[in-house]
Amino acid sequence: MKTDTFSHRPRAAALVLGIFCFAVGTAAVSSQPRRRHRPFPNADHTPAPAGSPLRGLNKTELAAFEAGEESFTEVETPETGLGPMFNARGCAECHVQGGVGGSSADLGVSRVTRIGRLLNGVFDPLTEQGGMLLQARSLRELDPTFPYGGEVVPRDATLVSHRVTTPLFGAGLIEAIPPAEIVRRADPLGRNPDHIAGVPNMVRNPETGALEVGRFGWKAHVSDLHVFAGDAYLNEVGVTSATFPDESLPQGRPLPPGYDQIEGIEADEEDVDGVAAFMRFLAPPPAKPLDGAARQGQQLFVSVGCAACHTPSMRTGNSPVAALRNQNVPLFSDLLIHDMGDQLADGMVMGQASGRQWRTAPLWGLSKRKFLLHDGRATSIEQAILLHGGEGIPSVNRLRRLSVRDQNALLAFLGSL
């Protein structure tokens with residue numbers, strides 16, 4: 001990596017943002033038994049800090065984590081509810097980088113596409129054409145007689161956004177942060193010197209009907225892990241649940257008769273609860289020890305303004321799970337959504353997040369990721385920083401004015417996370 005990156009390299013080209021997010025359900029027992037299948041061969045089950053359970057779980061919680069990992073790594077088939085349209089045959093197909101539950105390891109496998117259009121200045125999610133998320137694969141992979149292939153971007157779509165898989169390490173700690181702890185950091189009028197105007201994305205929980213603080217997904221458009229799990233089952237794998245009981249139809253067209261092998265709900269409560277438990281009890285990624293340069297970079301991270309959004313630590317509240325109760329959470333995020341400018345705008349409206357707003361991405365586990373930003377276009381920390389616009393501009397400008405030595409110290413600190 002060149003040492004004069006921030007001071008002299010031109011700004012990188014514009015990005016189109018994107019996400020692969022898990023999302024919903026409490027599922028009823030299906031009318032047919034769900035059969036287990038071998039885990040994906042690239043799912044890393046060797047003992048390692050990343051992909052391990054939280055320390056301090058009791059026997060019941062550890063058993064729930066292990067059972068959830070089995071569901072998370074299961075390979076779905078039409079007999080267990082796969083399809084008719086899907087992006088993956090199971091969670092671990094995409095959540096694999098750095099360990100089971102990680103981020104994208106291969107853009108060709110795990111980057112998905114979201115679409116929409118502006119109609120008279122109002123965002124249209126193209127519901128009648130199958131909705132915002134394209135399912136790029138179909139049952140034709142397994143049955144050549146299935147009449148539809150994977151979905152493609154329709155002509156009516158004026159907005160196209162790509163998304164990569166977000167890592168799930170430490171998700172239960174994020175879920176355990178009290179809503180008030182997130183909301184109190186909001187500054188919608190940007191009255192601070194850098195005019196940073198982070199706000200919570202208040203989203204409707206489909207299971208309770210309540211308006212809740214969003215905290216998961218690239219736009220913080222999901223409020224809890226049970227909803228996150230059910231939504232992923234439906235939208236990524238094509239498996240219905242009690243919260244999401246309707247199949248994703250091929251580009252909005254009716255499902256041909258005879259291809260849905262399970263009538264009614266496909267994911268039973270055990271599977272949705274299990275995947276949620278696996279994510280909830282998944283340990284956060286460990287940081288590397290800091291050397292002298294990284295310690296200096298840690299101070300610069302604060303002085304240039306990065307910590308104004310990438311909050312180094314938040315604290316969980318009361319929880320029935322001792323391992324989640326009153327814990328410091330070094331996630332490096334305020335979990336608020338921010339206007340990140342034209343370079344990162346994708347036009348997609350999700351909850352109360354506009355097409356220019358994104359959740360502050362947690363930075364813990366940064367060193368374990370291959371692809372950065374919503375669409376994975378950045379493959380280095382340096383590239384990702386330079387693409388920050390909007391509310392991030394003051395910090396980027398201060399960083400550019402640092403000496404080469406200080407810039408490298410900051411990169412050393414970020415590389416330790």
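The values are calculated or read from the model by the stated rules, or taken from the named source; none is laboratory data. Since this is a predicted model, take the numbers as computed values, not measurements. Methodologically, a virtual Cβ is constructed for each residue, glycine included, from the backbone with ideal geometry; neighbour enumeration extends over all protein chains shown.
Brief remarks on what is shown
- Of all residues making up segment 96-110, the number that are under 26 Å from L159 (Cβ atoms) and crowded, with 23+ Cβ neighbours inside 10 Å: 3
- Any chance Q251 is among the polar types (S, T, N, Q), assigned by TED's automatic domain parsing to the domain that holds A180, assigned to a helix (DSSP H, G or I) and more than 30 Å from L62 (Cα to Cα): yes
- Test for I174: is it in the same structural domain as L57 (by TED's automatic domain parsing) and either within 28 Å of E270 (Cβ to Cβ) or modelled with pLDDT under 95 (or both): yes
- Close pairs from segment 93-109: first free of Cβ contacts under 8 Å to residues at least 40 places away in the same chain, partner assigned to a loop (DSSP other than H, G, I, E, B), Cβ under 8 Å, at least 6 apart: V109/A88; V109/C94
- The single residue among R369, R377, R359 that is closer than 25 Å to P193 by Cβ and touching a residue at least 24 places away in the same chain (Cβ under 8 Å) turns out to be R359.
- For segment 316-326, residues that are in contact (Cβ under 8 Å) with a residue 60 or more places away in the chain and surrounded by fewer than 20 Cβ atoms within 10 Å (Cβ to Cβ) total 5.
- Condition check for F40: modelled with pLDDT under 50, crowded, with 17+ Cβ neighbours inside 10 Å and within 18 Å of T166 (Cβ to Cβ): no
- Only listed residue being in contact with a strand residue (DSSP E or B) (Cβ under 7 Å, 6 or more places away or on another chain) and of a type in the set (K, R), chosen from R137, R191: R137
- Condition check for A136: within 21 Å of the chain's Cα centre (by Cα), surrounded by fewer than 18 Cβ atoms within 10 Å (Cβ to Cβ) and modelled with pLDDT of 95 or more: yes
- Residues within segment 281-316 that are out of contact with any Phe, Trp or Tyr (no Cβ under 9 Å at 6 or more places or on another chain) and among the basic types (K, R), tallied: 2
- For segment 205-232, the set of residues classified as among the aromatic types (F, W, Y) and either assigned to a loop (DSSP other than H, G, I, E, B) or over 14 Å from the mean Cα position of the chain (by Cα) (or both) consists of W218 only.
- Candidate set from segment 387-399 (those that are of a type in the set (A, V, I, L, M) and surrounded by fewer than 21 Cβ atoms within 10 Å (Cβ to Cβ)); member that is farthest from L417 (Cα to Cα): I393
- In segment 308-328, of all residues being over 18 Å from A186 (Cβ atoms), of a type in the set (A, V, I, L, M, F, W, C) and not in a loop (DSSP other than H, G, I, E, B), the one that is nearest to the chain's Cα centre (by Cα) corresponds to L324.
- When S303 is tested against the conditions (1) modelled with pLDDT of 95 or more; (2) under 27 Å from F169 (Cα atoms); (3) out of contact with any helix residue (DSSP H, G or I) (no Cβ under 7 Å at 6 or more places or on another chain), the lone failure is (2).
- Complete set of residues in segment 263-273 that are in a loop (DSSP other than H, G, I, E, B) and closer than 27 Å to F65 by Cβ: I265, E266, A267, D268
- Qualifying residue in segment 106-127 (condition: over 30 Å from W364 (Cβ atoms), small (G, A, S) and at pLDDT below 95): yes
- Verdict on G131 being over 30 Å from L282 (Cα atoms) and either in contact (Cβ under 8 Å) with a residue 40 or more places away in the chain or surrounded by 19 or more Cβ atoms within 10 Å (Cβ to Cβ) (or both): yes
- Hits in segment 273-284 - residues which are closer than 17 Å to G90 by Cβ and buried (at least 24 other Cβ atoms within 10 Å of the Cβ): V275, A276, A277, F278, M279, L282
- Evaluated against (1) in a loop (DSSP other than H, G, I, E, B); (2) in contact with a strand residue (DSSP E or B) (Cβ under 6 Å, 6 or more places away or on another chain); (3) modelled with pLDDT of 95 or more, R163 falls short on exactly one condition, (1).
- Residues of segment 254-272 that turn out to be within 21 Å of V321 (Cβ to Cβ) and surrounded by 22 or more Cβ atoms within 10 Å (Cβ to Cβ), as a count: 2
- If you filter segment 212-253 down to residues that are free of Cβ contacts under 8 Å to residues at least 40 places away in the same chain and more than 21 Å from R280 (Cα to Cα), you find that the one that is surrounded by the most Cβ atoms within 10 Å (Cβ to Cβ) is P245.
- Filter pass, A88 being part of a loop (DSSP other than H, G, I, E, B), in contact with a helix residue (DSSP H, G or I) (Cβ under 8 Å, 6 or more places away or on another chain) and buried (at least 23 other Cβ atoms within 10 Å of the Cβ): yes
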